[in-house]
Amino acid sequence: MDEVDSYRDNYWCTQPPIPQAIPMATDVSEDANKKKTVAVPDFLKASQTVGARQFAALQALGTAPNYLCKMAIEWTEKNPNDPRSPEALHLAVRSTRFGCTDKETGRWSKAAFDLLHKKYPNTKWANATKYWFNG
């Protein structure tokens, strides 16, 4: 949980997940190629409703790296003297390398990168951020 997945399986994406049926083992007497699906139990329906609302709220934010860049940029512009701002910008740019991307990600990555290098050029965070990423 505390490591970044180098296969871009980090944060959240704006693409909806593909719903999949849950296959059940079939009885030996049934056709081996047929699979049964399991209906959702009643006790899970309420949590699925909450989950669907939470998923919709994340979808409304857009893909995670874009959102993280926007938030880091906004924070830095409002709090330029906060010592956490360079690190936030560095992590935002990094998220554009290891998270889901879309056609806007490159623009946000470059904006966070440029702000980091303009306002905090001699920090360890600027030195650790050598590139911005274009999806």
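Please treat every number below as a calculation from the coordinates, not as lab data. Bear in mind the structure is a predicted one, so any value in this text is a computation, not a measurement. Heads up, the Cβs are rebuilt from the backbone with ideal geometry, glycines too, and the neighbour counts pull from every protein chain shown.
Under 5 Å between amide hydrogens, which residues at least 5 positions from Lys36 or on another chain qualify, with H placed 1.01 Å from N in the peptide plane?
Residues meeting the criterion, in which the H sits 1.01 Å from N, are Met24.
Using R₀ = 41 Å, calculate the FRET efficiency as 1/(1 + (r/R₀)^6) where r is the Cβ-Cβ separation of Lys118 and Ser47; round to 0.05.
E between Lys118 and Ser47, to the nearest 0.05, is 0.35.
May I ask you to compute the full-extension gain from Gln59 to Met71, defined as 0.36 nm times their residue separation minus their alpha-carbon distance, rounded to one decimal in nm?
Stretched out fully, the Gln59 to Met71 stretch lengthens by 2.7 nm.
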